[in-house]
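The structure under discussion appears below in the form of structure tokens.
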Amino acid sequence: MRRAILALSTLLLVVGCAGSAGNAARERALLPALRSAWPGVEADVQRGVNDGLDDGDLTGSASDALMASADRLEKSLSATIEEAKSVTGKEWPALHPWAARGVMDRVDDGEIGAGVAASLNERIVQFDAAIDALQGR
Amino acid sequence: MEEDLKEILNAFLQQLKAELEDAGQDISVSWDELRMYTAERANHLSAIVGEPGFELAVRAERDAIALKAGIAAVDTADAAGQRWLGMIQGTLIVVAKVLALGIV
């Protein structure tokens, strides 16, 4: 019985340490990378939302709501790890398609070539994967 | 510009390799993945030098590599504890400094 309790305690300690290490990695490695990448991703989102507005795919209030969502996401990246997890998990899915649209709009306007667009899209892909890693998915 | 980029990425890879090797065998899979990813992105940049908006691509690839390193840190920490968290943090600083040098 005592051995079983000891084994269980050890297991709980190991699992606890692993979870803690994961959160430390999220806070010390992933969040700084997300913060660093956000200005570029945000510029793509803004571009996509403006294009949606210009093309009549978004109303003014929908556009405002998306940019407010982007602001909340940005603030959360400088907040606690728990808040960043919660806010990014809620806000990013709605913003993601507009970032991709922003890249497409730059190509359509002749600002960037296909290869540069591939790089911008790769950042969006990694940003999306990093949000998943932040959530523990 | 292309030579500068290759030099910067090479310096980044050498620094990263040295730090990861110090951390031991258990991170070799993540290292290989990150090394291959960085090489792949460097090849892509080399192929599009001179394309309109090239500077945007350099910034985007810098961000993508840092994100990939952050994801690798989380994956490894979740699987193997916090042995190399400090090292990855240092690596991210190297990424930021080295890849930003003279290009962004």
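Descriptive notes on the structure:
- Top-ranked residue of segment A:115-137 - restricted to ones that are within 15 Å of B:GLU51 (Cβ to Cβ) and more than 8 Å from chain B (Cβ to nearest Cβ), ranked as nearest to the chain's Cα centre (by Cα): A:ASN121
- Residue within segment A:78-99 that is farther than 28 Å from A:ASN23 by Cβ and without any contact (Cβ under 8 Å) to a residue 60 or more places away in the chain present: yes
- The set of residues in segment B:45-80 that are under 18 Å from A:VAL103 (Cα atoms) and either modelled with pLDDT under 90 or assigned to a helix (DSSP H, G or I) (or both) comprises B:LEU45, B:PHE54, B:GLU55, B:LEU56, B:ALA57, B:VAL58, B:ARG59, B:ALA60, B:GLU61, B:ARG62, B:ASP63, B:ALA64.
- Unique residue being more than 9 Å from chain B (Cβ to nearest Cβ) and open to solvent by less than 50 Å² (accessible area, probe 1.4 Å) when the list is A:ASP109, A:ASP105: A:ASP105
- Helices (runs of 4 or more DSSP H) wholly inside segment A:27-109 that include at least 2 residues being more than 14 Å from the chain's Cα centre (by Cα) and small (Gly, Ala, Ser): A:31-54, A:60-76
- Filter result for A:GLY48 (buried (at least 21 other Cβ atoms within 10 Å of the Cβ) and more than 9 Å from chain B (Cβ to nearest Cβ)): yes
- For segment B:41-65, the candidate set comprises residues that are open to solvent by 10 Å² or more (accessible area, probe 1.4 Å) and of a type in the set (Gly, Ala, Ser); within that set, the residue that is farthest from A:ALA130 (Cα to Cα) is B:GLY50.
- Taken over segment A:20-43, residues that are more than 8 Å from chain B (Cβ to nearest Cβ) and open to solvent by 10 Å² or more (accessible area, probe 1.4 Å) amount to 6.
The values are calculated or read from the model by the stated rules, or taken from the named source; none is laboratory data. No experiment lies behind these values; they were computed from the predicted model shown. Methodologically, a virtual Cβ is constructed for each residue, glycine included, from the backbone with ideal geometry; neighbour enumeration extends over all protein chains shown. All accessible areas refer to the heavy atoms of the entire protein, side chains included, with ligands and DNA or RNA removed. Shrake-Rupley method; radii C 1.70, N 1.55, O 1.52, S 1.80 Å.
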